Structure formats: structure tokens, C-alpha cells
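Working notes, structure below.
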């Protein structure tokens, strides 16, 4: 019997969290460093002493760019530094792509996906309080 890798792999665990509306990441318990994307061994050390955690979903735009396609609105691509200490690539929605700025505070929003697309995280601007 072939194992179902979507359930037993780091990707499968990550997607299960996404389906619950959670942004999961991993941390190496040897050096307490957070990392993303899901892996079977920690980057750098190669340690398999890894634990899953759920992010609060708050972060800061580290870098941003806008991609332009003919006849379409610009698309934002951003690197987000999450408060837990890891960086990920995503996009910021709910704002014009040209208005996304480095240093902007954002919060995660998990899009549910569908038959053709797995669930995935995007970010929205954090409201100023």
C-alpha cells in the first residue's frame, strides 16, 4: 500500500492547518530557529528535531514589487517577515499593488482554495489603531 504523502508529509501537515484557517510553521528545537516552508529537516543544521507551531499571523512587509500584465491590474508580490521569526513569499491584498510599502504591518488571511487550488495564505494591511 502506498502511503498518502499529503497526510504524512510536512506539506500535508501544513495544508491541514491551512484548511483550519491557520498559518503553521516549523521550529528547530535544537537552536530554537523558526523556518518556512515545511521541511523534514531544519535548514542549516539538518536537524530532524522539529516542532510545528501556529503563527499569530502578524508581520511586516520586508520587500515588495508589482508585476504588470497587459490589460490587467498590477499584481503585488511581497516577502513578509512574520513576528515569530520566519520570512515567506506571498502577496498583500485589499490594497492597490502600487501602495504596498516596505515596513507595512500586515495580517494573514488563509484563502480556502477549491478543486483546482490548494488553500494558501495571503496578507491584508493591518488596520492602524
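Nearest 500 deg cm²/dmol is fine: what mean residue ellipticity at 222 nm does the chain get from its DSSP H runs of n ≥ 4 alone, each adding -39,500 (n - 2.57), divided by its residue count? Write down the numbers at each step before the final one.
Values: 2 runs with 14 residues, N = 129.
Result for the chain: -2500 deg cm²/dmol, rounded to the nearest 500.
Relative contact order for the chain: 21 percent, from Cα pairs under 8 Å spaced at least 6 residues apart, divided by residue count. Ranked by the mean number of other Cβ atoms within 10 Å of their residues, highest first, the peptides 66-78, 35-47 fall in the order 35-47, 66-78.
Note on residue 109 and residue 45: with the Förster distance fixed at 30 Å, the Cβ-Cβ geometry gives a FRET efficiency of about 0.40. With axes computed from alpha carbons, what is the tilt in degrees of helix 10-19 against the longest principal axis of the chain, rounded to the nearest 10 within 0 to 90? Its long axis makes an angle of about 50 degrees.
Once you have the Cα-Cα distance between residue 127 and residue 65, take 0.36 nm times their residue separation minus that, and quote the gain in nm to one decimal.
Details: separation 62, 0.36 × 62 = 22.32 nm, distance 2.13 nm.
Net length gain for the segment: 20.2 nm.
Each value in this text was obtained by applying a stated rule to the coordinates, not by laboratory testing. Because the structure is a prediction, the values reported are computed rather than measured. Virtual Cβ from ideal backbone geometry, glycine too; neighbours counted across all protein chains shown.
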